[in-house]
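Some notes on the structure that comes next.
The values are calculated or read from the model by the stated rules, or taken from the named source; none is laboratory data. For clarity, every value in this text was computed on a predicted model and none was experimentally measured. All Cβ positions, even for glycine, are placed from backbone atoms using ideal geometry, and neighbour counts span all protein chains on display. Accessible surface is based on the protein model in full, side chains and every heavy atom, while ligands, DNA and RNA are left aside. Shrake-Rupley method; radii C 1.70, N 1.55, O 1.52, S 1.80 Å.
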Amino acid sequence: MNPLLPLAVALGACWPTLAQNGGWNFPCPSNEIARYTAFRVTEPIHIDGKLNEPAWKAAPTSPRFVDIITGQPVIHDTRAAVLWDDQYLYVSYRVEEPFVHAKFTNHNDFIYQDNDVECFIAGRDAYYEFEINAFNTCYEVFFVWEDTFERSGLSKLPEFERAKLVPFNGVGFTNHFRGRRLGNFNHAFPGLKTAVHVDGTINNDADRDGGWTVELAFPWKSMKWLATDGRALPPKEGDVWRMDFSRFNTYKEAPPANDSGGWFWTRHGVWDSHIPECFAYITFSTNTVQPSKAREPKSWSNR
């Protein structure tokens with residue numbers, strides 16, 4: 001969710017932060033925030049976007065994404081999954097899309113103006129925003145919270161020199177008790193691997209597409225800026241991170257559906273991706289995902 005355009009679509013805290021008055025002052029109902037267990041993989045994951053490894057077929061899959069504001073069902077299916085090993089955090093998306101469209105082809109083009117999927121990864125003092133379209137074009141921003149910018153040590157790093165940062169105060173939720181963030185809009189996650197596979201043809205409405213799948217690999221060693229609280233990289237058994245998974249569309253379902261165009265694993269209750277307290281709780285397990293239990297789904301819509 002693009003923070004520079006108040007109505008534009010775009011796009012951890014490892015603790016359920018409370019507001020200063022001791023209450024829950026966030027638009028997402030705390031009892032609705034998703035919880036998920038990410039299992040280890042022992043076989044290499046080939047980042048080609050196809051999600052055909054046995055580990056992906058066996059990995060727990062998110063529920064079908066819902067509307068960011070209302071939490072109501074939406075017209076097309078979207079699901080995400082998470083795996084990990086000692087080198088990478090792996091994230092996948094299955095995106096049902098009868099007419100796959102994309103237009104941006106350069107890194108850090110305004111992907112939020114396309115149909116995209118997005119992933120946020122939060123630490124105590126900062127969070128990272130990632131977006132990708134069907135052309136495998138990516139958009140990245142790294143945000144640091146101004147209230148801990150100095151004491152976290154981030155201010156001393158060349159990547160977060162003040163001259164490189166843009167103030168940001170949220171999109172639809174602008175009264176976060178921590179105040180504003182500072183964003184590096186020229187950030188590129190070191191060592192990131194991305195791939196997209198399209199079941200159909202992009203920008204050709206003469207045929208009907210199945211959709212597209214996304215495969216991501218984030219190196220743990222490049223998450224040091226999110227680990228200012230001393231968390232382990234890679235995580236230990238039972239460690240909990242906060243992550244967000246979403247999809248934004250240039251279209252909306254026709255009335256009477258109340259479709260905002262933003263679809264999420266766990267709803268935020270307001271038009272704003274930038275609320276780490278609303279991100280899903282991802283618990284990391286050192287247990288290995290069990291490919292022997294994998295079953296090929298009949299379709300994305302009934303997973």
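The residues on offer are GLY23, GLY12, GLY71, and the sole one that is more than 19 Å from ILE132 (Cα to Cα), at pLDDT below 95 and within 19 Å of the chain's Cα centre (by Cα) is GLY12.
Of the candidates ALA195, ALA217, the single residue that is in contact with a Phe, Trp or Tyr (Cβ under 6 Å, 6 or more places away or on another chain), closer than 22 Å to ALA80 by Cβ and not acidic (Asp, Glu) is ALA217. Annotation note: Cβ proximity below 6 Å between a residue of region 42-59 that is part of a helix (DSSP H, G or I) and a residue that is open to solvent by 80 Å² or more (accessible area, probe 1.4 Å) (sequence gap 6+ or interchain) occurs for ALA58/GLN290; ALA58/LYS293.
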